[in-house]
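Let me begin by presenting the structure, written as structure tokens, before commenting on it.
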Amino acid sequence: MANNGGEAMSGKSASFSRVALNERILSSMTRRSVAAHPWHDLEIGPGAPAVFNCVVEIGKGSKVKYELDKASGLIKVDRILYSSVVYPHNYGFIPRTICEDSDPMDVLILMQEPVLPGSFLRARAIGLMPMIDQGEKDDKIIAVCADDPEFRHYTDIKQLPPHRLAEIRRFFEDYKKNENKKVDVEDFLPAEPAIEAIKYSMDLYASYIVESLRK
């Protein structure tokens, strides 16, 4: 009888521990009223606009078009590319920036390895790719990973091999053709205009936040 009583008490203790743990978890979740949002909560970094944090949406070599869900902050699957091309480099956005299309500034990051969607890294702006997508301005920052030993020494797009630039241009000219969408890529611009574009998008974001707080 004593043993049965001990086993019963032990079972009650384990049950009580599970309940207490669940209560602590639920209490912690309640205190966190809002999850971190990569666009608004991630710092752009002290070196911005030249060196900045960026969030990867699409890994190098992927045919999956991931993009930021602006409401939740999650990275969602938007579509699978219609053509046989794949993203030539990691692609994402710069936090705490905004452009005229109401999206954060896009960035293509050159580095050795593909990066998982949702990761963030430090990048250095080396150039700007002016682009018109469906008649609307959709410029892209060309950057290198600031912590990749193979790419971090690049400071300007002119230092890249011509084939690398031709590869980037061709991808963005072709990746929407099978969707009957027109994309025009203009001549690449050096690091200085890219840094100015990031600074402008940072200023627009600051104005956007101030205006949102007034509403």
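The values are calculated or read from the model by the stated rules, or taken from the named source; none is laboratory data. Quick caveat, the model's predicted, so the values are computed rather than measured. A quick note on method: Cβ atoms are made from the backbone with ideal geometry, for glycine too, and the neighbour counts reach across all protein chains shown. To get the accessible areas, we keep the full protein, side chains included, count just its heavy atoms, and leave off ligands, DNA and RNA. Shrake-Rupley method; radii C 1.70, N 1.55, O 1.52, S 1.80 Å.
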Answer yes or no: is there a residue in the range 106-121 that is touching a residue at least 60 places away in the same chain (Cβ under 8 Å), in a strand (DSSP E or B) and open to solvent by 60 Å² or more (accessible area, probe 1.4 Å).
-> yes
Mind checking which residues of the range 178-215 are in a loop (DSSP other than H, G, I, E, B) and of a type outside the set (Lys, Arg)?
-> ASN180, GLU186, ASP187, PHE188, PRO190
When the range 64-101 is examined, which residues are found to be closer than 24 Å to ALA166 by Cα and open to solvent by 30 Å² or more (accessible area, probe 1.4 Å)?
-> VAL64, TYR66, ILE80, TYR82, SER84, VAL85, VAL86
ASP133 being open to solvent by less than 60 Å² (accessible area, probe 1.4 Å), among the charged types (D, E, K, R) and in contact (Cβ under 8 Å) with a residue 60 or more places away in the chain | no
Here are some conditions: (1) among the polar types (S, T, N, Q); (2) open to solvent by 50 Å² or more (accessible area, probe 1.4 Å); (3) closer than 19 Å to PHE52 by Cα; (4) under 21 Å from the mean Cα position of the chain (by Cα). THR155 meets all but one. Which one does it not meet?
-> (4)
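If I ask for residues that are in contact (Cβ under 8 Å) with a residue 60 or more places away in the chain and either closer than 26 Å to ARG124 by Cβ or of a type in the set (Val, Ile, Thr) (or both), which ones from the range 51-85 would you list? Reasoning before the result, please.
Of the residues in the range 51-85, the ones in contact (Cβ under 8 Å) with a residue 60 or more places away in the chain are 51-57, 81-83, 85.
If the condition is that a residue be in contact (Cβ under 8 Å) with a residue 60 or more places away in the chain and either closer than 26 Å to ARG124 by Cβ or of a type in the set (Val, Ile, Thr) (or both), then VAL51, PHE52, ASN53, CYS54, VAL55, VAL56, GLU57, VAL85 are the ones that fit.
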